[in-house]
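Novice: Pasting in a structure now, in structure tokens, and then I'll have a few things to ask.
None of the figures in this text is laboratory data; all of them are computed from the coordinates on show. Predicted, not measured: the structure shown is a model, and the values here were computed from it. Virtual Cβ from ideal backbone geometry, glycine too; neighbours counted across all protein chains shown.
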Amino acid sequence: MTTARVALVTGVSGHVAGAMAERLQVGGYRVRALVRTTSQATAAAQHGWLPVHGDLADPQSLLRAVAGVAVVVHAAAFLGADRTLAEAVNVAGTRHLAEAALHGFGQTLAALINQARG
């Protein structure tokens, strides 16, 4: 019996990450979706993805999210005008996720980089 590999995807409520999660699922991965809200968890579950509550600002939640995954696809981003929040999510949050993935025995981390211009 073969066990499906697990992929963690951030930003699944967006078009790009949602499409990536669907493609991974079609390719045989069990998709774990990092979510912050109950409505995001409900939407993820409706797609057949396992919602995992966490936040890019909470390194401990990311360690739990990456546990046992084969690949991490990071597409979450803050695209608003608040530069402080953008740095906290897009820079520090990405660093936290990369550190968690490396701590979890070096999973593959695919980062989809978005830049918003104001």
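Novice: Can you compute the modelled spin-label distance between Leu102 and Leu63, with each label point 7 Å from Cα toward Cβ, in nm?
Specialist: Between Leu102 and Leu63, the simple spin-label model gives 1.6 nm.
Novice: Another question about this same structure. Starting from the Kirkwood Rh over alpha-carbon pairs, what translational D in µm² s⁻¹ does the range 1-49 have by Stokes-Einstein at 37 °C and 0.692 mPa s?
Specialist: On the way: Rh = 10.8 Å.
Rounded, D is 305 µm²/s.
Novice: What relative contact order, as a whole-number percentage, does the range 1-106 give when Cα pairs under 8 Å and 6 or more residues apart are counted?
Specialist: Details: 173 pairs, mean separation 29.9, N = 106.
Over the range 1-106, the number comes to 28 percent.
Novice: If you line up the Cα atoms of the range 1-108 on their principal axes, what length do they span on each, largest first, in Å?
Specialist: 48, 29, 21
Novice: Now a separate question. Amide H to amide H under 5 Å from Arg30: which residues, 5+ apart in sequence or cross-chain, H placed 1.01 Å off N in plane?
Specialist: Arg5, Val6, Ala7
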